[in-house]
């Protein structure tokens, strides 16, 4: 809830232009609901940009005032959806059970969820791992291995969101590796090895390349430096160059 409707349309158009011909990896954007249909109509299918909704309800239709269904997102052209974002947990009191219902609805209809997870406060490695394990088991209840292949896991510690400094690199790698371990525990090695796990929380232009090069980090989940098309396109292009140079 940062840009106006018109600003959102202009940002998407400018970002698509700056990433013309870029296909090294997927670049997913999550415009606000009012702008979603227009962004979906105007972004070319050949663009690097893929589009998702910032949230969804767990029922396809019904008397749920103010909510948006996954069916609606698919109808306007969305491919992705965010689920369990920390800000929704903090301000709207969403919990694992509610997010699990949304996740099961999303994968059932073929949407690709960005499933957010992460601890709320800074703590010891052991406590963070215990939190992550419990949260993932509850979030993934009833989700099959085939459905889990649609999920991108987004690690975003609540305490790091919007801060000038990210979690340190050792902590980020440790948690990403542990998320992969938990996914393997639930679904087996094949699903875990193929799982995409991305980092979000205080990413800035000084640290993003170091984070993107960590062994178990498969992408960046940005907000602050993702709302400016110049900054965001630079982030995507230079990350791709770095990964190529390192043979990753």
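Of everything in region 155-170 that is surrounded by 14 or more Cβ atoms within 10 Å (Cβ to Cβ) and either without any contact (Cβ under 8 Å) to a residue 40 or more places away in the chain or over 18 Å from residue 130 (Cα atoms) (or both), the residue that is farthest from the chain's Cα centre (by Cα) is 169.
The single condition among (1) modelled with pLDDT under 95; (2) under 30 Å from residue 8 (Cβ atoms) that residue 121 does not meet is (2).
Checked against the criterion of being buried (at least 18 other Cβ atoms within 10 Å of the Cβ) and over 22 Å from residue 49 (Cα atoms), the candidates 112, 102 yield just one match: 102.
From (1) closer than 23 Å to residue 69 by Cβ; (2) over 19 Å from the mean Cα position of the chain (by Cα); (3) in a loop (DSSP other than H, G, I, E, B), pick out the condition that doesn't hold for residue 34. Looking at each condition in turn, residue 34 falls short on (3). So how many residues does region 157-176 have that are at pLDDT 95 or above and closer than 21 Å to residue 82 by Cα? Going through region 157-176 one residue at a time, the tally reaches 3. Please pick out the residue among 203, 151, 179, 197 that is modelled with pLDDT under 95 and surrounded by 15 or more Cβ atoms within 10 Å (Cβ to Cβ). Result of the check over 203, 151, 179, 197: 203.
Looking only at region 206-248, count every residue that is on the phi > 0 side of the Ramachandran plot and at pLDDT below 95 and tell me the total. It would help to see each step written out before you state the result.
Pass one, region 206-248, residues on the phi > 0 side of the Ramachandran plot: 219, 247.
From what's left, at pLDDT below 95: 247.
Counting residues in region 206-248 that are on the phi > 0 side of the Ramachandran plot and at pLDDT below 95 gives 1.
In the set 197, 179, only one residue is in a helix (DSSP H, G or I) and touching a strand residue (DSSP E or B) at 6+ places or on another chain (Cβ under 7 Å); that residue is 179.
Hey, does region 212-220 have a residue that's closer than 30 Å to residue 14 by Cα, in a helix (DSSP H, G or I) and in contact with a helix residue (DSSP H, G or I) (Cβ under 9 Å, 6 or more places away or on another chain)? Can you show your working first?
Taking region 212-220 and keeping what is closer than 30 Å to residue 14 by Cα, we get 212-214, 217-220.
If we keep only those that are in a helix (DSSP H, G or I) too, we end up with 212.
Narrowing the set further to residues that are in contact with a helix residue (DSSP H, G or I) (Cβ under 9 Å, 6 or more places away or on another chain) leaves 212.
Yes, there is a match, as at least one residue in region 212-220 is closer than 30 Å to residue 14 by Cα, in a helix (DSSP H, G or I) and in contact with a helix residue (DSSP H, G or I) (Cβ under 9 Å, 6 or more places away or on another chain).
Looking across region 227-248 at every residue that is part of a helix (DSSP H, G or I), touching a residue at least 40 places away in the same chain (Cβ under 8 Å) and more than 26 Å from residue 178 (Cα to Cα), the one that is nearest to the chain's Cα centre (by Cα) is identified as 232.
The values are calculated or read from the model by the stated rules, or taken from the named source; none is laboratory data. Because the structure is a prediction, the values reported are computed rather than measured. Backbone-built Cβ (ideal geometry, glycine too); neighbour counts: all protein chains shown.
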